[in-house]
Amino acid sequence: MNTQIVKLFGFILILYALLFGFTSYWSIFDADNLEANTANKRPLLEEERIDRGEILAHDEKTVIARSVPKGEGDAQIYVRQYPEGDLYGNPIGYSYVERGRVGTELDHNDELVGNKTEFLSILDELQGHQQEGSTLVSSLDPEAQQTALDALGGQKGSVVAMVPSTGEIRAMVNVPTYDPNDIPQDYAELNSDRNAPLFNRATQAGYQPGSTMKLVTATAALDSGEADPDTTLSGRSPVEISGVPLENSGGEQFGEIDMTTALTNSVNTWWAQMGEQLGTDTMYKYMDRFGFNEEPPLDYPDFQLAISGEYADGKVLDAGSDQIDVGRMAIGQDKLNVTPLQMAMVVSAIANDGELMEPRLWSKTIDPDGREEEMSPDRQSRVMSDDTANAITSMMQDVVNEGTGTAAALSGIDVAGKTGTAEIDIENNVNQAWFVGFAPADDPDIAVAATVERTSGFGGTVAAPIAKQVMEVILGEEGD
Amino acid sequence: MSARTRELFALIPVGLLVTAGFTAIFITQSEQLGNLSVLYGGYFLALCVAAHFVIRARLPDADPFLFPLVALLAAFGVVMLYRLDEGLARNQANWFVLGLLLFSLTIFFLRDYEALERYRYLIALTGIGLLMLPRVPGIGAQTNDAFLAIKFGAVTFQPTEIAKIAIVVFLASYLNERREVLVVGARNVAGIVLPPLKHLGPLLVVWGAAMFMLVFIRDLGSSLMFFGAFLAMIYVATARISFVLVGVLMFVIGSWFFASTIGHVQERFDIWLDPFNEAEGNGFQIAQSLFAQADGGLFGRGLGESLVQLPKCSGDFPNQCAILPAPHTDVIYAVIVNELGLFGAGAVVLIYALIAERGFKTAVLAEDGFSKLLATGLTSIFALQAFVIIGGVTRVIPLTGVTLPFISYGGSSIVANFILLALLLLISDKARRRLRREEAQA
């Protein structure tokens, strides 16, 4: 019988090994999955008890978000407050147990709650430290935010301002916006609002870019060697593009004109012909370099980032698609849907001598012990050569000095820019107005994209003054 | 060093563990260190030392590790319960005293445990009677659809816990007597070796009993544990793995049949296969148990840090505000993983494995068939009970309502398992005394 008893013990050991195996599976290997399970309330209840770090504006003084204790002793929890109300609503987002998190609050959650690797948190526990979050210094500038919000003045639209050399976003403002403090109570109402205040237009809205797209076409034409600023084409109107006649704005006629003139006066027929000459492949090559056709590498939740590009049936078309009308795409029509962030990236690349930096919404973290970690800028791509960037900059200066963008001119500072007016509903005179640009033109400190939706105005009359004010206030601060 | 001195020294870490555990809980719950923790530890240690002297007096040659290992489990249990609810820990401590009392009585009055063989049919009947008690109107009580307990006023008792000992005693005696005929008369039917028909009868009765438990008291866990111990004993008695395979097959067919016809059992299976499908409904307990384990990780959150109740919620213990239902009974293992991590839980599983090792060692050392089978049966049913409930909590098998021996809350479980331990020590004492004398003569 003894042999059987030993074998039986072996069998029991196998059963126990199974128990240990399953325990390690749930507690270690599958733990992340289980923690992400929506039925699991533990992580949220847990984090409610952590003093979540503050979010400061770039001046490191303005408090955008902070946690305040509620209750006492074991029942003490922390609740989020947003002292600046609706000024930072969309980019920063919110964090509430009832509604989860969005925006920067979500993307930087690990730093804000002080999540560390298991080993480090054990060391902390042994030392008796309670988990504490780091302070996050946002890249957003309070004055730029306020100026942009005021400048939009209640018109629906969006402004994105970006530092070309680092990718830091200094302003990201949408109208309508929302006050994150209202989320626990009014979420349902805000969520069903027809004006979509919870929707971050700057990163999620697909707008027609209109003539601002000509900057991409100009980059493709010059950098590929297909054309130079003196290349001439006919500016007569109409011209047949993809078998359909295309007219200039107001049916205006031009003769044989060079690229600078065509950009200064935003001549549609000239640029559409250039687009057809370049072809879809070359256009796509430069669009890809500018960051089109992929999710922008912003530190932001995936579900709040839209891809800019040519869309059909809700999908981004690739270069081989026969649905692309490359001539109309070159002038910002066709099936283009772009975000204000994307257009800010386009001018930022031109401003930074052809180098596109990855956009960032944070500048620094400060951990509970005061240790600081600075954001280190990353290059996204080399879009064009130095020379191409300079050539386009000088054409863009002409746009502001004598073309469609004069409303963006600043006294004493050279501004480079491009207007855009996409006709959304011609009969009712509804336009998507754009201005994209940067300043100072020779050594840019700030690049801006401003857009106003469903306006009867034009890029040069509606959007340019907004961009101008934002650039002015940021440059004024830089000078201080 | 004599066996008993070894046992006494092994109890010291147990006392330290209890003291350390209570200290940790005092610190997390009240942020202050009371001398109460030392008091609790000392009290617990004193009880263990008292039991040790009983063993020293009556069973000087018994296995020196079994009792300290059990005391270690009990220490774990009382600390975990104290952490969950002070009142429960106090009750459990009382049960612990009663358990030790019955443990001592068993040792004093059952010196000659072989006398049990004479009353085997009476014992068998008592066992079956105990199993049926929960269905008797008036005293039977239903928990989670299963009929496992009886109720006298305020006292509930789970007769299955005592019944398991009675049935193992009967089977050990019966199989010891019949094992030869079971083997010799075996025939080969279609490639499978079957025991002779006339001896198959009692085995069918046991299978029937297991199925009966499934249907009648509706508890898959208990029937798995009983039938598993039965198969372990028949394997050791006959050395025929084919008997075991036939038994497993019969059990699977039977439980499959009842699973598909009885809603309760079916439901348990469905929850087991997909607990997240109804994570807010029927699957709540198992899903929450897994979430608690995930929250524990490698080293756990520390004693007293597991979230078992929703914050800002007040109600009567245990289930009203529970984020982890029945933390003191069914899923106490999940609380252990949550607070002490994979390491702590691994230690608990290891203690059960070591107890099994000492139990089977006792069976190997025992001289006569009855002692061997009895030790095998008692050890198997104890080891399987731990497997069934831990396996349920970790989703190895469907979750059922048996207790985690010596750890989870429950008087009948503590008392019954102390009697089980006393029987094992009695067998061990006899076997090792013989060995010691043989060595002395040699």
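Nothing in this text is a laboratory measurement; each read-out follows from the coordinates by a stated rule. Just so we're clear, the structure is a prediction, and the values are computed from it rather than from any experiment. Positions of Cβ are generated from backbone atoms using ideal geometry, with glycine treated the same way; all protein chains shown enter the neighbour counts.
Over the protein assembly as shown, what is the percentage of antiparallel beta bridges among all DSSP beta bridges, to the nearest 5?
Values: 71 of 75 bridges.
Just about 95 percent of them are antiparallel.
Rounded, prolate or oblate: pick one for chain A, where a ≥ b ≥ c are the square roots of the eigenvalues of its C-alpha gyration tensor, a/c under 1.5 means rounded, and failing that, prolate if a/b is larger than b/c, else oblate.
It is prolate, given that a/c is not under 1.5 and a/b is the larger ratio.
Please give the peptides B:408-419, A:382-393, A:59-70, A:321-332 ranked by average Cβ packing (other Cβ atoms within 10 Å per residue), highest first, as a rough proxy for protection. Intermediate values should be presented prior to the final figure.
Values: B:408-419: 23.5, A:382-393: 19.2, A:59-70: 15.5, A:321-332: 21.2.
The packing order, highest mean first, is B:408-419, A:321-332, A:382-393, A:59-70.
If the cut-off is 22 Å between C-alpha atoms, which lysines fall inside it for A:LYS41, apart from same-chain ones fewer than 8 positions away?
Once the sequence-local lysines are set aside, what remains near A:LYS41 is A:LYS70, A:LYS116, B:LYS312.
Take the cross-link list A:LYS214/A:LYS335; A:LYS156/A:LYS214; A:LYS315/A:LYS335; A:LYS7/B:LYS372; A:LYS61/A:LYS364 and give me the ones stretching past 18 Å between alpha-carbons.
Numbers: A:LYS214/A:LYS335 15 Å; A:LYS156/A:LYS214 24 Å; A:LYS315/A:LYS335 11 Å; A:LYS7/B:LYS372 14 Å; A:LYS61/A:LYS364 13 Å.
Beyond 18 Å between Cα atoms: A:LYS156/A:LYS214.
Just from its helices, what would the mean residue ellipticity at 222 nm be for chain B, if runs of 4 or more DSSP H residues each count -39500 (n - 2.57) and the sum is divided by every residue, rounded to the nearest 500 deg cm²/dmol?
Counting only the DSSP helices, I get -24000 deg cm²/dmol.
Let me know the mean shielding of B:350-362 by other chains, meaning the per-residue number of their Cβ atoms within 10 Å of its Cβ.
Averaged over the peptide's residues, the number is 3.
Which value at 222 nm does chain A reach when only helices count, each DSSP H run of 4 or more adding -39,500 (n - 2.57), with the total divided by all residues and rounded to the nearest 500 deg cm²/dmol?
It comes out at -10500 deg cm²/dmol, rounded to the nearest 500.
Taking the Cα centre as origin and putting +1 on Lys and Arg beta-carbons and -1 on Asp and Glu beta-carbons, what dipole magnitude results for chain A, to the nearest 20 debye?
About 1180 debye.
Taking a ≥ b ≥ c as the square roots of the Cα gyration tensor eigenvalues, with a/c under 1.5 meaning rounded and otherwise prolate when a/b beats b/c, else oblate, which class fits the protein assembly as shown?
Details: a/c = 3.52, a/b = 2.62, b/c = 1.34.
Prolate, because a/c is 1.5 or more and a/b exceeds b/c.
Could you list log10 I(q)/I(0) for region B:286-442 at q = 0.12 Å⁻¹, which the Debye formula gives when each Cα is one point scatterer?
Results for region B:286-442 at q = 0.12 Å⁻¹ read -0.61.
For region A:261-363, take every pair of Cα atoms, bin their distances at 10 Å starting from 0, and report each bin as a whole percent.
So the P(r) values, bin by bin, are 14, 43, 34, 9, 0.
Helix A:386-402 versus the longest principal axis of chain A: what angle, 0 to 90°, nearest 10, using Cα atoms?
60
Within 10 Å of each Cβ in peptide B:287-293, how many partner chain Cβ atoms are there on average? Round it to a whole number, please. If you can, show how the numbers build up before the last one.
Values: counts 4, 4, 1, 10, 10, 5, 10.
Average per residue, whole number: 6.
According to the square roots a ≥ b ≥ c of the eigenvalues of the Cα gyration tensor, what is the shape class of region A:282-429, taking rounded for a/c under 1.5, prolate for a/b larger than b/c otherwise, and oblate for the remainder?
Note, shape of region A:282-429 comes out oblate.
What is the sum of charges, Lys and Arg at +1 and Asp and Glu at -1, for the other residues whose Cβ falls under 14 Å from the Cβ of B:ALA356?
Net local charge, B:ALA356 excluded: +1.
May I ask which residue of A:ILE92, A:VAL473, A:ALA151 lies farthest towards the positive end of the charge dipole of chain A, with charges of +1 (Lys, Arg) and -1 (Asp, Glu) on Cβ and the Cα centre as origin?
The residue sitting farthest along the positive end of the dipole is A:ILE92.
Can you tell me the FRET efficiency between B:ALA115 and B:ALA46 if r is taken as the Cβ-Cβ distance and R0 is 45 Å, rounded to the nearest 0.05?
Efficiency, rounded to the nearest 0.05: 0.90.
Around A:ALA65, which amide H atoms from residues at least 5 apart in sequence, or from another chain, sit under 5 Å from its own amide H, with H modelled in the peptide plane?
A:ILE55
Would you tell me the mean number of C-beta atoms belonging to other protein chains that fall within 10 Å of each C-beta in A:35-41, as a whole number?
Across the residues of A:35-41, the mean count of other-chain Cβ atoms within 10 Å is 5.
Along the charge dipole of the protein assembly as shown, which of B:CYS48, A:TYR286, A:VAL400 sits closest to the positive end, that is, farthest toward it, with unit charges on the beta carbon of Lys, Arg, Asp and Glu (+1, +1, -1, -1)?
Working it through, the farthest residue towards the positive pole turns out to be B:CYS48.
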